[in-house]
Amino acid sequence: MDSPFLLRCAYNCRNPQDAAVPPVEGVAGGGTAYGWNDGGSHGLSVKGPIDPTEIPTRDLVHVWCMPSTANVGPQDMPRHLEPINILAARNERESVQIAIRPKVSWGGSGVAGTVQVQCNDLCSTSGDRLVVGKSLLLRQVVPILGVPDALVPIDLPVSQINLFPGETTALWISIDVPSSQPPGQYEGEILITAIKADAESPVQNLSKVEKHQLYRELKGCVDIVEPIDGKPLDEVVERVKSAATSLRRILLSPSFSEFLSDNGPVDIMDEDAISSLSLRVKLNLTVWEFVLPETPSLPAVFGISDTVIEDRFGVQQGTAEWYEALDQHFKWLLQYRISPYFCKWADGMRVLTYTSPWPADHPKSDEYFSDPRLAAYAVPYKQVVSGNDAAEDYLQKQVEILRTKIHWRKAYFYLWDEPLNLEQYDSVRSMASEIHAYAPDARILTTYYCGPNDAPLAPTPFEAFVKVPSFLRPHNQIYCTSEWVLGNREDLVKDIIAELQPESGEEWWTYVCMGPSDPHPNWHLGMRGTQHRAVMWRVWKEGGTGFLYWGANCYEKATVASAEIKFRHGLPPGDGVLYYPGEVFSTSHEPVASLRLERILNGLQDIEYLRLYASRYGREESIALLERTGVYFGPERYTFEHMPIDAMRGQIFNACRS
């Protein structure tokens, strides 16, 4: 039975076949800053400048809703606006998008116009609230390489957004439902209002805080370009580009909006005028009693490159600033049901991985490892930061301390990434033997996609791949295999599982990286939203008990925090990059999430829904539900549309609610 709480935005509509791309501003309008028309303003006929204080916003802009799996680009065409209806459990984040596209232009200097976006708290009839800025967040979708991906925070509860002629702008709305939130029906609305520039110069009326912020931004530009004497040319160019980007962002800020308008300063709209002319987007949320477990059921361990942090933010290993930077990245990623580990690569794909940069006996390590949001943590094989402990004693001491802790069951050692030959496999066996001498119950994790290529374990590559557990046993406990090896042959999973000994504590995890490629599920830039989310559907159906991703911040080296993000050469765009430095988009130091990271969270939340359903009706029935609702059949057969996802979640809600 379909859920009554489906997200009934008009995202299943198709773009009109005869929809024309609007002309470049000024061409059809005789060189004026107005005059082009984007698909029907329903009788609006204005000669001369348009005054948004006298015209309903619905006559000036198209507004419609899209699901979190949609990639809303600048050329997306308007659809019908309907109220947003969302179903969410407690301790869950649900997201939706609002798309805005100007019908006409009322601004100037290349800007179609400015809209004010105002969010209200979501309230229940019993008086419970989900508060804007705390439980309800708003971010603007910013393209990366022309593909919508970065989610840049905007001011709450009121923000101003510049619209551009013939372009669609998307806003990403996230609702975080606390674990203690009372179940029920919550309602709210988002007001979108076309506005003019402020009456007086905003620069003249800046508060002391705003002046200080502007001062910091300008000083930041100076700090970027001043120390360039004797620097290599490529670094000088990078610094100048970064400063230019920051200056351009400052000039486009609301503080200087009056200078961007051809029409000059105008009066500020009063609240009543805004209310009567605003376009209102209704938001209805059903919170049900199910609480997603605080500790994720599926350990999803994601790498963070400490070297990238050191280079880009100019922090030296072992300094207070270094610990602070790593601490920020660790805590920020926990909100995505991810268990982060820091990593550093050595020759031959040997890796030093660690979840806490502090020694095992440091209070911060205990804080990290005891955090209920952390499902698994990596223990380093050797010292991360040089100290007084003798290197040969370090591993033994750390293991002896950790084994006395309740959280030891979360611990694992990740020593080598994708060993290829006998020498590398033997290195894994040797390091594992040393660890097991101190802790026989330690878990060693190895990622691989083949057996040793210079000592075949079987006649064919796949058969050799399947035989890796027997080759590594008893040195390895977590066998983490590439999804690329399976291709579209899900039936091969049983061959892998048949080789494992779960009664001896062996586990099967999986990972994606460069492969598999389209149409298989992965997290590359430009893939479909459902393709991103399907990575976790695949994990659930295949039966993996954990997941690893090699890197979340592995972009090209830069020595300035605000430098342009560049993906690494030789990798598919987006591979190894799931979030961006906040400094690239503003003066904020908080990381900026990608659409893909939000969809990873959605997939991990889907696993909790499916696990709940399986606890009532059995695992096989949960897989049947995935297929019956049309969500996921296999790596080449999964939904391209969002509606089946809501249907699946709605059926779980109906079947499992009290």
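The values are calculated or read from the model by the stated rules, or taken from the named source; none is laboratory data. Quick caveat: nothing in here was measured; it's all calculated off a predicted structure. Cβ placement follows ideal geometry from the backbone for every residue including glycine, while neighbour counts extend to all protein chains displayed. Side chains included, ligands, DNA and RNA excluded: accessible areas come from the protein's heavy atoms. Shrake-Rupley method; radii C 1.70, N 1.55, O 1.52, S 1.80 Å.
Some points to look at:
- Scope the range 367-416; condition touching a residue at least 24 places away in the same chain (Cβ under 8 Å), among the aromatic types (Phe, Trp, Tyr) and farther than 15 Å from residue 442 by Cα; matching residues: 368, 369, 416
- Residue match in the range 599-618 (condition: open to solvent by 10 Å² or more (accessible area, probe 1.4 Å), among the basic types (Lys, Arg), farther than 20 Å from residue 291 by Cα and more than 19 Å from the chain's Cα centre (by Cα)): no
- Selection of the range 319-356 for residues being touching a residue at least 24 places away in the same chain (Cβ under 8 Å) and touching a Gly at 6+ places or on another chain (Cβ under 9 Å) yields 340, 341, 342, 343, 351, 353.
- Selection from the range 501-539 of residues that are open to solvent by 20 Å² or more (accessible area, probe 1.4 Å), under 25 Å from residue 620 (Cβ atoms) and of a type in the set (A, V, I, L, M): none
- All positions within the range 63-105 that are over 30 Å from residue 607 (Cα atoms) and either without any contact (Cβ under 8 Å) to a residue 60 or more places away in the chain or part of a loop (DSSP other than H, G, I, E, B) (or both): 74, 75, 76, 77, 78, 79, 80, 81, 103, 104, 105
- Residue in the range 272-279 that is over 30 Å from residue 59 (Cα atoms) and at pLDDT 65 or above present: no
- When the residues of the range 159-183 are filtered to those that are open to solvent by 20 Å² or more (accessible area, probe 1.4 Å) and out of contact with any Leu (no Cβ under 9 Å at 6 or more places or on another chain), the one that is farthest from residue 63 (Cα to Cα) is 180.
- Among the residues of the range 26-36, not a single one is at pLDDT 50 or above, surrounded by fewer than 23 Cβ atoms within 10 Å (Cβ to Cβ) and over 29 Å from residue 530 (Cβ atoms).
- Residue that is open to solvent by 60 Å² or more (accessible area, probe 1.4 Å), in contact with a His (Cβ under 8 Å, 6 or more places away or on another chain) and of a type in the set (Lys, Arg), where the choices are 429, 489, 409: 429
- Here residue 311 qualifies as assigned to a helix (DSSP H, G or I), acidic (Asp, Glu) and more than 14 Å from residue 364 (Cβ to Cβ).
- Residue check: residue 365 meets all listed conditions (1) in a helix (DSSP H, G or I); (2) touching a helix residue (DSSP H, G or I) at 6+ places or on another chain (Cβ under 9 Å); (3) open to solvent by 10 Å² or more (accessible area, probe 1.4 Å) but one, namely (3).
- Residue within the range 369-391 that is in a helix (DSSP H, G or I) and surrounded by 17 or more Cβ atoms within 10 Å (Cβ to Cβ) present: yes
- Selection count where residues are open to solvent by less than 10 Å² (accessible area, probe 1.4 Å), closer than 27 Å to residue 299 by Cβ and either outside any loop (DSSP other than H, G, I, E, B) or without any contact (Cβ under 8 Å) to a residue 60 or more places away in the chain (or both), scope the range 635-652: 4
- Restricting attention to the range 573-587, the residues that are open to solvent by 30 Å² or more (accessible area, probe 1.4 Å) and within 17 Å of the chain's Cα centre (by Cα) add up to 2.
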